[in-house]
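These notes are about the structure you will find just below.
Taken together, the values in this text are just the output of simple stated rules run on the coordinates, not laboratory data. Small disclaimer: the values here were computed from a predicted structure and weren't measured. Cβ placement follows ideal geometry from the backbone for every residue including glycine, while neighbour counts extend to all protein chains displayed.
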Amino acid sequence: MNPMALRIPRFMVAAMVVCSALPGCKRKLSDANLSCVKQDMNPKEVESILGAPTQTVSFEMPLQADVKTLPAQRYIYIQNGKTVTLHFVNGKFIGMDGSFDK
């Protein structure tokens with residue numbers, strides 16, 4: 001087995017453990033929680049950091065160069081009148097909009 005294949009999952013697990021130990025990571029959502037979410041995480045990994053989203057939206061995202069689409073999903077978190085939306089394409093986190101602290 002390739003040793004590099006083992007390092008990536010271990011690193012992701014270690015990052016999630018460290019992030020979950022930060023103050024406020026388990027109950028109150030904050031920008032500190034959001035900084036724990038990394039590119040290419042899948043929805044379950046994000047939920048392990050932020051918990052279940054307030055709302056999810058699933059849709060097909062068209063590709064610009066082809067007539068095919070990719071499965072896409074939005075996780076929407078709402079707290080104290082502030083909304084943060086996390087974007088996933090093909091099961092991987094690609095970016096977010098919003099802030100809990102600003």
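The H on the amide N of residue 54, modeled in the peptide plane, is under 5 Å from the matching H of 76, 77, 78, each at least 5 residues off or on a different chain.
In a reduced charge model with +1 at each Lys and Arg Cβ and -1 at each Asp and Glu Cβ, region 36-102 shows a dipole moment near 80 debye about its Cα centre. Which of 28/92; 28/102; 68/92 have a Cα-Cα distance over 22 Å? As for pairs spanning more than 22 Å Cα to Cα, those are 28/92. Measuring r between the beta carbons of residue 101 and residue 65 and using R0 = 30 Å, the FRET efficiency lands at 0.20. In terms of surrounding Cβ atoms within a 10 Å radius of their Cβ, 60, 47 rank from fewest to most as 60, 47. When peptides 50-59, 84-93 are ranked by their average number of other Cβ atoms within 10 Å per residue, the highest-first order is 84-93, 50-59.
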